[in-house]
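The values are calculated or read from the model by the stated rules, or taken from the named source; none is laboratory data. Bear in mind the structure is a predicted one, so any value in this text is a computation, not a measurement. Note that we place each Cβ from the backbone using ideal geometry, even for glycine, and neighbour counts take in every protein chain shown. The protein model used for the area step is the full one, side chains on, heavy atoms only, and it has no ligands, DNA or RNA in it. Shrake-Rupley method; radii C 1.70, N 1.55, O 1.52, S 1.80 Å.
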Amino acid sequence: MSDATRAVEAIWRIESARIVGALARYTGDFALAEDAAQEALAEALVSWPRDGQPANPVGWLMTTAKRRAIDTIRRAGVQREKYEAIAHDQDEAYDDELDIERIDDDVLALMFVSCHPVLSKEARVALTLRVVGGLSSEEIARAFLVPVPTIQARITRAKKTIAAAKVPFEVPSPDERRQRLAGVLNVLYLIFTEGSTATSGEDLIRTDLAREARRLTRVLIGVLPDEPEAYGLLALMELTASRFPARTDAAGDPVLLEDQDRTRWDQGAVRRGLAALEQATPRGLGPYGLQAAIAATHAVADSVETTDWERIIVLYEALGRIAPNPIVDLNRAVAVAMAHGPLRALEIVDRIAEDKRLDHTHLLPTVRGELLRRLGRTVEARKELERAAGMCTNDRERAVLQQKIAELT
C-alpha cells in the first residue's frame with residue numbers, strides 16, 4: 001500500500017462523517033450523499049497515488065463528492081433549485097465554509113439517521129460503521145464474519161428504508177433526542193460487544209472493531225458533551241478493553257479473569273475509563289455507567305481475592321432494577337459465588353434457569369457447571385459443561401470448556 005493510499009484511508013476514516021453529513025444537508029438526500037462520498041473516495045484512491053496528495057485533502061474530497069452529487073441530480077433531472085443550492089460555491093475550499101457548530105449538527109444528524117428505529121439492528125450497525133465510521137463493506141463484512149454481498153445488501157436496504165420512511169436529515173428535537181439516544185448508544189455498544197466478545201469463528205477478540213466503537217463513542221461525546229450515559233458507555237468500553245492484552249494467551253486461547261496477569265492490563269485504558277466514569281457519575285449512573293462502575297471495581301483491584309465483590313453485588317442489584325435482564329442476574333450470581341460461596345450462587349442460578357430467555361446460550365450451563373464443580377458434584381458439573389460446549393459457537397471458548405470437561409473425567 002502506497003503512502004498516498006494510506007493517507008486517503010486515514011483522512012477518510014477521520015473525516016467521512018463530516019463529509020457525508022455536509023452532503024446530506026446540502027442535497028437533502030441521505031442515500032445520494034453517501035453514494036457521492038463513496039465515489040469521491042474511489043476517485044481519491046486512484047488519483048492521489050498518481051498525482052500526489054492535494055494541499056487540502058478534505059476540501060478535495062468534499063468538492064469531488066459535491067460534483068458527483070450534482071452529476072447525479074443532473075442526470076436524474078431533479079428540480080433546478082436543488083441543483084443550484086448544492087452547486088453554489090462548489091469549488092470553495094472546505095476550510096472556508098467550516099462551521100464547527102454546523103459540522104457537529106451534521107455528524108449528530110448522521111448518527112441519529114444511521115441508528116433510526118425504522119431500521120433493523122443489523123442494518124443500524126452496518127450503516128453506522130459505513131457512513132459514520134467510514135469503514136468499507138469489506139471491512140465490515142470481515143469484522144462480522146459474513147460475506148461482503150450480505151453487508152452491501154444490508155446497507156442498500158437501509159438507505160432505501162430511510163428514503164421510503166422519509167426520515168429527515170436533521171438533529172432531533174431535544175425531547176426526541178433524549179428518547180432516541182438510547183438507540184444510538186445501543187448500536188455503539190453492539191459494535192463494541194461484537195469486537196470484544198466474538199460469538200463465532202476462531203477469534204476471541206476483534207480489537208479493530210472494539211477500537212472503532214470507542215472512536216465513534218468519542219465522536220458522539222464530542223457533539224453531545226453533556227450526556228452522562230455517553231460517558232458511561234465510553235468508560236465501560238475503555239475499562240473492558242483494558243483487559244484485552246491479558247484475555248488471551250500466546251496461542252490465542254482465552255484466559256479466565258482469575259488467571260489473568262494483571263500487569264498486562266492496559267493502564268492507559270484504565271485511566272481513560274475512570275476519567276470517563278467520573279464525568280458520568282455526578283448526575284447518577286445509567287445502565288452503561290453501572291456496568292462501567294463494575295468494570296472499574298475489577299480494574300482497581302490487585303487480584304481476584306482483593307476485589308470488592310460486595311460492591312459488585314450491589315452494583316449488579318442496581319443494574320437489575322433499572323435494566324432487568326437474566327444475564328445481569330447471572331453475573332450477579334458469579335459475584336455472589338466469589339463473596340459467599342458456590343451454594344448460595346447456585347440457588348440464584350437455578351432460579352434464573354426458570355427464565356427460558358437463556359435457553360439459547362451456553363452461558364447458563366457454563367456458570368452452573370462451574371458452580372457444581374466447586375461444590376464437588378462432578379457428574380452434574382460434567383453434564384452442564386458438556387451442554388455448554390455443545391451450544392458454544394466460538395471455537396476457542398469451546399476448547400476451554402472441553403478442557404474443563406476433560407479435567408473432570
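Which residues in the stretch 28-65 have a backbone N closer than 16 Å to a point placed 7 Å from the Cα of Arg142 along the Cα-to-Cβ line?
Taking a point 7 Å out along Cα→Cβ of Arg142, no residue of the stretch 28-65 has its backbone N under 16 Å.
Taking the Cα-to-Cβ direction at Leu408 and at Arg74 and moving 7 Å from each Cα, how far apart do the two end points lie in nm?
Distance between the two pseudo-spin positions: 7.1 nm.
Size of the dipole of the chain about the Cα centre, Lys and Arg at +1 and Asp and Glu at -1 on the beta carbon, nothing else charged, in debye to 20? List each step's numbers first, then the result.
Values: 54 positive and 63 negative charges, 224 e Å.
Around 1080 debye, computed over the chain.
In the stretch 308-409, which GluC sites (Glu not before Pro) fall in coil by DSSP and have 11 or fewer other Cβ atoms within 10 Å?
On the way: sites: Glu310, Glu317, Glu347, Glu354, Glu370, Glu380, Glu384, Glu386, Glu397, Glu407; in loops: Glu354.
Answer by residue number: Glu354.
Suppose each label sits 7 Å from its Cα in the direction of the beta carbon; what would the Thr207-Val304 distance come out to in nanometres?
In this crude label model, Thr207 to Val304 measures out at 2.4 nm.
Could you tell me how many degrees, from 0 to 90 and to the nearest 10, lie between the Cα long axis of helix 228-241 and the main elongation axis, the longest principal axis, of the Cα atoms of the chain?
That works out to roughly 60 degrees.
With everything on Cα atoms, drop me the angle between helix 30-51 and the longest principal axis of the chain, reported from 0 to 90° to the nearest 10.
Tilt of helix 30-51: around 80 degrees.
Specify which residue in the list His360, Gly286, Ile313 is farthest towards the positive end of the charge dipole of the chain, using unit charges on the beta carbon of Lys, Arg (+1) and Asp, Glu (-1), about the Cα centre.
So the residue furthest toward the plus end is His360.
Scan around Thr248 for amide H atoms under 5 Å from its own, H built in the peptide plane at 1.01 Å from N, and keep only partners 5 or more places away or cross-chain.
Val255
Please name which of Pro49, Val146, Phe169 has its Cα lying farthest along the dipole of the chain towards the positive end, using unit charges on Cβ (Lys, Arg +1; Asp, Glu -1) and the Cα centre as origin.
Val146
Check cross-link reach from Lys160 to the lysines: straight Cα distance under 19 Å, and skip same-chain residues fewer than eight apart.
Lys121
If you average the alpha carbon positions of the stretch 133-161 and of the stretch 20-47, how far apart do those two centres end up, in angstrom?
Answer, in whole Å: 17.
Helix 100-114 versus the longest principal axis of the chain: what angle, 0 to 90°, nearest 10, using Cα atoms?
Between the helix axis and the principal axis of the chain, the angle is about 60 degrees.
Provide the gained length on full extension for the span Ala165 to Ala339, in nm with one decimal, where the gain is 0.36 nm per separating residue minus the Cα-Cα distance.
On the way: separation 174, 0.36 × 174 = 62.64 nm, distance 5.16 nm.
Full-extension gain reported as 57.5 nm.
Share of the chain's accessible area from carbon and sulfur, percent, 1.4 Å? Don't skip to the answer; put the middle values down first.
Working: 9730 of 19490 Å².
Carbon and sulfur: 50 percent of the exposed surface of the chain.
So, R0 is 45 Å and r is the distance between the beta-carbons of Lys121 and Glu380; what FRET efficiency does that work out to, to 0.05? Please list the in-between numbers first.
Values: r = 36 Å, r/R0 = 0.81.
Result of the calculation: an efficiency of 0.80.
Which of rounded, prolate or oblate describes the stretch 111-262 when judged by the alpha-carbon gyration tensor and an a/c cut-off of 1.5?
Details: a/c = 2.90, a/b = 1.43, b/c = 2.03.
Taking the square roots of the gyration eigenvalues as a ≥ b ≥ c, the stretch 111-262 is oblate.
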